[in-house]
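Visitor: Here it is: the structure, laid out below.
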Amino acid sequence: MTFRTLDDAMKSGGDLAGKTALVRVDFNVPMEGGKVTDDTRLRVALPTIQKLRDAGAKVALLAHFDRPKGKVVPSMSLQPVVDDLEALIGAPVRFADDCVGDEAKAAIADLDAGGVILLENVRFHAGEEANDPAFARQLAQLGDLYVNDAFSAAHRAHASTEGLARLLPAYAGESMRRELEALDAALGNPTKPVIGIVGGAKVSTKLDLLKNLVGQLDKLAIGGGMANTFLYAQGFDIGGSLAEKDMEATAREIMQEAADRGCELLLPIDLIVATEVKPGIDHRTVEAGDTLSADDKILDAGPASVARLNAAIDGCKTLIWNGPLGVFEVPPFDAATVAVARHVAARAKAGSLVAVGGGGDTVSALNHAGVSDDMTFVSTAGGAFLEWMEGKPLPGVLALRG
Ligand code: AMP
């Protein structure tokens, strides 16, 4: 996969001084009472903003916030982000009340080289989510080049993530570049053998993902509630565990597909069972296939499964992870997730494993294990990360292809 980067913009476009870069960022930050409560997403955009400022470009930031559905909703304004952004950049940030039109145009014209402006929520216009060409043209009128630094919005073909990229010279920002490089190293063009870990609650939400992965990986470990469905499909007793019994046939198809494609499936061989999901509750370890009572719930993988999975990881060069191996929010049912996460992170830190994780609960599970910093890459992109793991083309990324 090749895509155009900011370095390409500087090489081919030469001098960016005084040019206006329209930069799509993800500023959909958590807010309470008009105050940003977690500025991670603002920080993620800083390397791109700084690189463009250093090159003397004017930086016009485009972003969405929440779901105003094509109407101006004052409580969904991006204005409250400005103060935090100024503090992080260490320079003034202007704000325009509309992301298109004369006011935005005039405010951008008024910026000095290296100046930064945040434009109001692109989703205040219905043309954004409709990827309306006329709206994309209005956006394009404001700048000389387009930079997409919002991987998390790249699974949507919207005007500011896709349409605009077709109208101006388009480049991946620094955070987008890092994400794409990590994803490519994990699944696009990985060093083999490659192992995947897929856990979480349900097979049904990860069907496309499992089907795509069995065609790509050398080994796939299945954990969490979804492993129960696979155990059930093999005729094992799962007591009163969370499972999707109606997905039994699908689970068998996936097992067959894995066998056909030469992907070794690793299902738990021992299990942690309790009658209630409560912190510190009495629990016991059973072997897969043991008889369970109707109120027994499988809540985690057991120590033998962890040891076998860790040994399988040792035989691999690349790992991709989505979903916890058990109910990690409620100790002691976090034990397998934490033990495997620490093993993975130690190998990644030692440079012997490329280890990429992401998607929803995986980020909190890896944080809970205290290993996020030692992983090769942890994606916070959620839906875009999952769609990429499903093998779906991401419109916002395709538009940046070199
Ligand atoms: P997902 O969003 O599909 O990745 O699912 C994550 C959720 O699956 C977490 O909230 C876990 O608590 C839950 N989970 C993992 N293992 C189990 C299990 N054995 N039984 C019930 N829920 C589980």
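The values are calculated or read from the model by the stated rules, or taken from the named source; none is laboratory data. Predicted model only: the values in this text are computed from it and were never measured. Ideal geometry is used to build each Cβ from the backbone, glycine not excepted, and the neighbour counts take in all protein chains shown. The area values use the complete protein model at the heavy-atom level, side chains included, leaving out ligands, DNA and RNA. Shrake-Rupley method; radii C 1.70, N 1.55, O 1.52, S 1.80 Å.
Visitor: Within the stretch 338-352, take every residue that is farther than 27 Å from ASN189 by Cβ and either small (Gly, Ala, Ser) or buried (at least 19 other Cβ atoms within 10 Å of the Cβ) (or both) and give me the one that is nearest to the ligand (Cβ to nearest atom). Walk me through how you get there before you give the answer.
Guide: Our first condition is that a residue be farther than 27 Å from ASN189 by Cβ; within the stretch 338-352, this holds for 338-339, 342.
Subsequent filtering for residues that are either small (Gly, Ala, Ser) or buried (at least 19 other Cβ atoms within 10 Å of the Cβ) (or both) retains 338-339.
Details: VAL338: 13, ALA339: 15 Å.
Checking each candidate, the answer is VAL338.
Visitor: Answer yes if at least one residue in the stretch 157-172 is of a type in the set (S, T, N, Q), modelled with pLDDT of 95 or more, assigned to a helix (DSSP H, G or I) and in the same structural domain as LEU111 (by TED's automatic domain parsing), and no otherwise. Let's see the steps before the verdict.
Guide: To start, the set of residues in the stretch 157-172 that are of a type in the set (S, T, N, Q) comprises 160-161.
With the extra rule that they be modelled with pLDDT of 95 or more, the set shrinks to 160-161.
Now restrict to residues that are assigned to a helix (DSSP H, G or I): 160-161.
If we keep only those that are in the same structural domain as LEU111 (by TED's automatic domain parsing) as well, we get 160-161.
Yes: one or more hits.
Visitor: Here is a check on your reading of the model: is ASP98 surrounded by fewer than 20 Cβ atoms within 10 Å (Cβ to Cβ), within 15 Å of LEU42 (Cα to Cα), over 26 Å from the mean Cα position of the chain (by Cα) and not aromatic (Phe, Trp, Tyr)?
Guide: On the way: surrounded by fewer than 20 Cβ atoms within 10 Å (Cβ to Cβ): yes; within 15 Å of LEU42 (Cα to Cα): no; over 26 Å from the mean Cα position of the chain (by Cα): yes; not aromatic (Phe, Trp, Tyr): yes.
So ASP98 fails the test.
Visitor: In addition: Restricting the first residue to the stretch 197-216 and requiring it to be not assigned by TED's automatic domain parsing to the domain that holds ALA336, which pairs with a second residue that is surrounded by 23 or more Cβ atoms within 10 Å (Cβ to Cβ) and part of a loop (DSSP other than H, G, I, E, B) meet a Cβ separation below 6 Å and a spacing of at least six or different chains?
Guide: Listed by first residue and then by second, the contacts come to nothing, as the list is empty.
Visitor: Among the numbered criteria (1) more than 16 Å from the ligand (Cβ to nearest atom); (2) in a loop (DSSP other than H, G, I, E, B); (3) open to solvent by less than 30 Å² (accessible area, probe 1.4 Å), which one does ALA355 miss?
Guide: The single condition ALA355 does not satisfy is (2).
Visitor: Among the listed residues MET1, MET10, which satisfies the condition of being modelled with pLDDT under 95 and not assigned by TED's automatic domain parsing to the domain that holds VAL122?
Guide: Details: MET10 fails: not assigned by TED's automatic domain parsing to the domain that holds VAL122.
Just a single option satisfies the conditions, and that option is MET1.
Visitor: Against the condition assigned by TED's automatic domain parsing to the domain that holds ASP84, modelled with pLDDT of 95 or more and not in a strand (DSSP E or B), how does LEU22 come out, does it pass?
Guide: Numbers: assigned by TED's automatic domain parsing to the domain that holds ASP84: yes; modelled with pLDDT of 95 or more: yes; not in a strand (DSSP E or B): no.
Considered against the rule, which asks whether it is assigned by TED's automatic domain parsing to the domain that holds ASP84, modelled with pLDDT of 95 or more and not in a strand (DSSP E or B), LEU22 comes out as no.
Visitor: Right, next: Output the number of the condition that ARG177 fails; it satisfies all remaining conditions of (1) out of contact with any Ser or Thr (no Cβ under 9 Å at 6 or more places or on another chain); (2) over 30 Å from GLY302 (Cα atoms); (3) touching a residue at least 60 places away in the same chain (Cβ under 8 Å).
Guide: Looking at each condition in turn, ARG177 falls short on (1).
Visitor: Among the candidates LEU271, LEU292, LEU266, LEU299, single out the residue that is within 16 Å of the ligand (Cβ to nearest atom) and closer than 30 Å to ASN189 by Cβ.
Guide: On the way: LEU271 fails: closer than 30 Å to ASN189 by Cβ; LEU292 fails: closer than 30 Å to ASN189 by Cβ; LEU299 fails: closer than 30 Å to ASN189 by Cβ.
Checking each option against the conditions leaves just LEU266.
Visitor: Here's a follow-up. What are the residues in the stretch 365-396 that are open to solvent by 20 Å² or more (accessible area, probe 1.4 Å) and polar (S, T, N, Q), if any?
Guide: ASN367, SER372, THR376, THR380
Visitor: Also: For the stretch 109-130, indicate whether the set of residues that are within 30 Å of LEU353 (Cα to Cα), touching a Ser or Thr at 6+ places or on another chain (Cβ under 8 Å), of a type in the set (A, V, I, L, M, F, W, C) and at pLDDT 95 or above is non-empty.
Guide: We begin by selecting, within the stretch 109-130, every residue within 30 Å of LEU353 (Cα to Cα); these are none.
There is no residue in the stretch 109-130 that is within 30 Å of LEU353 (Cα to Cα), touching a Ser or Thr at 6+ places or on another chain (Cβ under 8 Å), of a type in the set (A, V, I, L, M, F, W, C) and at pLDDT 95 or above.
Visitor: Any residue that is open to solvent by 50 Å² or more (accessible area, probe 1.4 Å), more than 26 Å from the chain's Cα centre (by Cα), among the charged types (D, E, K, R) and farther than 20 Å from ARG401 by Cα - is there at least one of those in the stretch 1-20?
Guide: Yes: the stretch 1-20 contains one or more residues that are open to solvent by 50 Å² or more (accessible area, probe 1.4 Å), more than 26 Å from the chain's Cα centre (by Cα), among the charged types (D, E, K, R) and farther than 20 Å from ARG401 by Cα.
Visitor: Could I ask something else about it? Return the residues of the stretch 312-337 that are away from the ligand (no atom under 13 Å from the Cβ) and either outside any loop (DSSP other than H, G, I, E, B) or buried (at least 20 other Cβ atoms within 10 Å of the Cβ) (or both); say none if nothing qualifies.
Guide: ALA312, ILE313, ASP314, CYS316, THR318, LEU319, ILE320
Visitor: Give me the residue from the stretch 23-32 that is more than 18 Å from ASP54 (Cβ to Cβ) and among the aliphatic types (A, V, I, L, M) and, out of that set, surrounded by the most Cβ atoms within 10 Å (Cβ to Cβ). Don't jump to the end; show me each part of the working.
Guide: From the stretch 23-32, those more than 18 Å from ASP54 (Cβ to Cβ) are 24, 26-32; that's our starting set.
Applying the additional criterion that residues be among the aliphatic types (A, V, I, L, M) yields 29, 31.
Working: VAL29: 18, MET31: 16.
Among those that are more than 18 Å from ASP54 (Cβ to Cβ) and among the aliphatic types (A, V, I, L, M), it is VAL29.
Visitor: In addition: Please work out if PHE95 is closer than 30 Å to LEU187 by Cα and either touching a residue at least 24 places away in the same chain (Cβ under 8 Å) or among the small types (Gly, Ala, Ser) (or both).
Guide: Working: closer than 30 Å to LEU187 by Cα: no; either touching a residue at least 24 places away in the same chain (Cβ under 8 Å) or among the small types (Gly, Ala, Ser) (or both): yes.
The answer is no for PHE95.
Visitor: Continuing with the same structure: Name the residues in the stretch 196-254 that are touching a helix residue (DSSP H, G or I) at 6+ places or on another chain (Cβ under 6 Å), more than 12 Å from the ligand (Cβ to nearest atom) and not in a helix (DSSP H, G or I), would you?
Guide: GLY196, GLY215, LYS219, LEU220, ALA221
Visitor: Still on this model: Take the residues in the stretch 256-296 that are assigned to a loop (DSSP other than H, G, I, E, B) and touching a Ser or Thr at 6+ places or on another chain (Cβ under 6 Å), then tell me which one is farthest from ALA307 (Cα to Cα). Talk me through it step by step, then tell me what you get.
Guide: Initial filter on the stretch 256-296 (assigned to a loop (DSSP other than H, G, I, E, B)): 262-263, 267-269, 275-283, 288-296.
Right, trim to touching a Ser or Thr at 6+ places or on another chain (Cβ under 6 Å) and you get 268-269, 295.
On the way: PRO268: 11, ILE269: 10, ASP295: 27 Å.
Among those that are assigned to a loop (DSSP other than H, G, I, E, B) and touching a Ser or Thr at 6+ places or on another chain (Cβ under 6 Å), it is ASP295.
Visitor: Restricting to the stretch 302-311, give me the number of residues that are within 13 Å of the ligand (Cβ to nearest atom) and either in a helix (DSSP H, G or I) or open to solvent by 20 Å² or more (accessible area, probe 1.4 Å) (or both). Break it down into steps so the answer makes sense when it comes.
Guide: Step one: list which residues in the stretch 302-311 are within 13 Å of the ligand (Cβ to nearest atom), which gives 302, 305.
Still in the running and either in a helix (DSSP H, G or I) or open to solvent by 20 Å² or more (accessible area, probe 1.4 Å) (or both): 305.
Number of matching residues: 1.
Visitor: Let me ask something else. Taking interchain pairs and intrachain pairs at least six residues apart, which have beta carbon atoms under 8 angstrom, with the first residue in the stretch 257-285 and at pLDDT below 95 and the second open to solvent by 30 Å² or more (accessible area, probe 1.4 Å)?
Guide: Listed pairs, sorted by first residue: GLY280/PRO331; GLY280/PRO332.
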